Structure formats: C-alpha cells, structure tokens
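The structure that follows is given in the form of structure tokens.
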Amino acid sequence: MNLVKILDLRLKELHKVMFNSIHPIPALQDNYIWAITNQQGTELAVVDPGDPAPVIQLAEQLGLRLSHILITHHHKDHTGGLASLEKYSRPKVIGPRSNKIRGITEYVADGDTFHLFGVELTVIGVPGHTLDHIAFAAMNCTKPVLFCGDTLFAGGCGRLFEGHPQMMSESLSKLSSLDDHTKVYCTHEYTLSNLAFATAANPNNKMLRARLAAEQEKRNLGRPTLPSTIRLELDTNPFLRCKDVDIIEVLKKRTEVPLETPVEVFGALRSWKDNF
Ligand code: ZN
Ligand code: FE
C-alpha cells in the first residue's frame, strides 16, 4: 500500500466515515432486511423491506425514526413493505425507475451517488436477475459495504428472470471488482444451498470446503452467514470463477454446450444451478 493510500485510510479512520451499525432483520421465508443506523443513533434506514411489521417493531423497540428506504429491484419480497412503511413515517424511498415499483420518492440509476447518514453511496446498475436491479456501494469510507439484493449471493448469484448470461456476468464483474474488503450484504440466506452447488461445481477448491464448514457452523448456532466479503466470494463463489479450470472440467462432463468464454461457462453454471 502506498503512503497516500495509508494516509487516506488514517484520515477516514479519524473521521469515522462509516455506518454506525448494520443489522439483519429476518423476514418472510429467508429474507434479510438490512437495518442501518446513523451515528447519533436516532435514525434508521432499511434495505429491501419485503415485510413492514418487523421493521416497525425494530424502530419502535429502539426508538428510531425510519428515515430512509433503499430498494434494489421490483420483486415483492423486496418491496412488499413499502406502502405501509410510507404511511408509518414518510421516509425517503430511494430506488430504480421501474413501472413495477410504487412509492419510490428519489429515482437513482447507474453511476449516481448520494449520501446516507454522511456516507456516500454509489449506485451500480446490475441487470440480470431483473432488468431494474441496482446495487448500493459505500466505497469511500472506513468500512466499505455493498447492498446487492438478489444479484450477488454468498456462494451464488440470482436467477436470470429477466436478463441473460452476458448481462448478468457483466453485472457480477462490476461487483466483484470492488475492494476486496467490501462487506457484502445480500438479501437472502441461501448460503448453504449455494455452497452445496459450489462444491459440486468446484470440487477441488479447498477454500470452498473450509467455507462450507464455517458457514454450516454459523447456521448450527442460528446465526446469519452474512455479510460476506468480495474476497471470500472471489475465492469460493463459482459464478465469479468462470475461468477456473476445475469448474470448466466438471462442466465439460455434463454439457455439450461450448465453454470457450467465461460468459458461456457462466451460462452453463447458471442453468445447472437452476435444476440442482
Ligand atoms: Zn428478486
Ligand atoms: Fe428476493
């Protein structure tokens, strides 16, 4: 690391440009609504509230005002709480321009930046799971974080409901090129089933086996496996490892489709996972 970067990091440490806390609110079947608080401990922001009840419960319990909602894409398990929460506290609702979402008050798109509790968030367009999907990344801060909805999962990625493999690979590359230490907050607890697939697709990956054991342990203790980190995903998530010869060898035995390019490998992996 060069001196300028070290000084820059020190400066950020001094000013503590970061969120006060980020906690999961378990919701619906296997969703997490991420709850972010400001430094003063007075305001609350949530990401993808599929259900209003646990959000209101948390706000009341902690005496916080729900001031912001971030939305990544239109699916009901990410937006189902919007109508009730808007009535509850009139929060700012920041999300993509999409005719399938009602209640966004501030539209954002790829490349936009805005501040939440003093932390700059950059919007990253990540179509593939849906066409309107966006992610929110805090990059210029002490502890970088990424809220990526159903695009990048711990050990996996979202299904291609509206996009195609090329589009989703490009979206995943944008996310995987973020700083290694970036904490990854996705919306579902799918990690163990993702890693079961990952192990089948990438059987000789030792880091993956170690991860599977570690995540299994967390689930045994009833703890979330999230957040992950970009580094951990690069090392163990098959959808970010489309040049891995071990994965390509396994796929070759299963499919006749060409596997010449990383996008073709990605497509073959995704359709295998769809039926796994
Ligand atoms: Zn979704
Ligand atoms: Fe979802």
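A short reminder: the numbers here are calculations on the coordinates, not readings from a lab. Every value quoted in this text rests on a predicted model; they were computed, and no experiment measured them. Note: ideal-geometry Cβ built from the backbone for every residue, glycine included; neighbour counts use all protein chains shown.
Between Glu162 and Lys253, what is the spin-label point distance in nm, taking each point 7 Å from the Cα along the Cα→C-beta axis?
According to this spin-label approximation, the distance is 3.8 nm.
Ignoring everything except DSSP H segments at least 4 long, calculate the 222 nm mean residue ellipticity for the chain; use -39,500 (n - 2.57) per segment, divide by total residues, nearest 500. Intermediate values should be presented prior to the final figure.
Values: 10 runs with 103 residues, N = 276.
Result for the chain, helices only: -11000 deg cm²/dmol.
Another question, if that's okay. Please give every one of the aspartates and glutamates within straight-line cross-link reach of Lys76, meaning a C-alpha to C-alpha distance under 13 Å, and leave out same-chain neighbours fewer than 8 residues apart.
Asp48, Asp51, Asp150
List, in order, the whole-Hz ³J(HN,Hα) value for each residue of the stretch 253-264 obtained from phi through the Karplus relation with A = 6.51, B = -1.76, C = 1.60 and θ = phi - 60°; use x for Gly and Pro.
Once rounded to whole Hz, the list reads 6, 9, 9, 9, 5, x, 10, 7, 10, x, 5, 5.
From the phi of every residue in the stretch 23-31, what ³J(HN,Hα) in whole Hz does the Karplus formula 6.51 cos²θ - 1.76 cosθ + 1.60 yield, where θ is phi - 60° and glycine or proline is x?
Using θ = phi - 60°, the values come out as 10, x, 9, x, 8, 6, 5, 8, 8 Hz.
Using the Cα centre of the stretch 116-184 as the reference point, and only Cβ charges (+1 on K/R, -1 on D/E), how large is the resulting charge dipole? Debye, rounded to the nearest 20.
Numbers: 4 positive and 7 negative charges, 29 e Å.
Roughly 140 debye, rounded to the nearest 20.
Turning to a different aspect of this structure: Quick one: Karplus J couplings for the stretch 132-138, per residue in order, coefficients 6.51, -1.76, 1.60, θ = phi - 60°, nearest Hz, x for Gly and Pro?
Those phi angles translate into 8, 5, 10, 10, 10, 10, 9 Hz.
Could you work out the local net charge near Thr122, counting Lys and Arg as +1, Asp and Glu as -1, over the other residues with Cβ closer than 13 Å to its Cβ?
Working: positive: Lys174; negative: Asp110, Asp112, Glu120, Asp179.
For residues surrounding Thr122, the net value is -3.
Next up: State whether the stretch 35-157 is rounded, prolate or oblate according to the following rule on the C-alpha gyration tensor (a ≥ b ≥ c being the square roots of its eigenvalues): a/c under 1.5 gives rounded; otherwise a/b larger than b/c gives prolate, and the remaining case gives oblate. Numbers along the way, then the final one.
Working: a/c = 1.60, a/b = 1.19, b/c = 1.34.
Oblate is the answer for the stretch 35-157, as a/c is 1.5 or above yet b/c matches or exceeds a/b.
Further question: Pop the C-beta distance of Arg90 and Asp30 into the FRET formula with R0 = 45 Å and round what comes out to the nearest 0.05.
Values: r = 30 Å, r/R0 = 0.66.
Calculated transfer efficiency: 0.95.
Counting other C-beta atoms within 10 Å, which of Thr151, Thr79 has the fewest, and how do the rest follow? Spell out each step's value before the answer.
Working: Thr151 27, Thr79 24.
Ascending number of Cβ neighbours within 10 Å: Thr79, Thr151.
What is the gain in length, in nm to one decimal, between Gln57 and Lys76 on full extension, counting 0.36 nm per residue of separation less the C-alpha to C-alpha distance?
Details: separation 19, 0.36 × 19 = 6.84 nm, distance 2.01 nm.
The Gln57-Lys76 span can extend by a further 4.8 nm.
Check the straight Cα-Cα distances from Lys243 and name the aspartates and glutamates below 15 Å, setting aside those fewer than 8 residues away within the same chain.
Within the straight-line limit of under 15 Å, Lys243 reaches these aspartates and glutamates: Glu170, Glu233, Asp235, Glu260, Glu264.
Here's something else I'd like to know. Could you let me know the centre-to-centre spacing of the stretch 207-238 and the stretch 43-60, using Cα atoms, in angstrom?
Taking the Cα centre of each part, the stretch 207-238 and the stretch 43-60 sit 26 Å apart.
Taking the alpha-carbon distance from Lys218 and a cut-off under 22 Å, which lysines remain once sequence neighbours fewer than 8 residues away in the same chain are dropped?
Correct list for Lys218: Lys183, Lys206.
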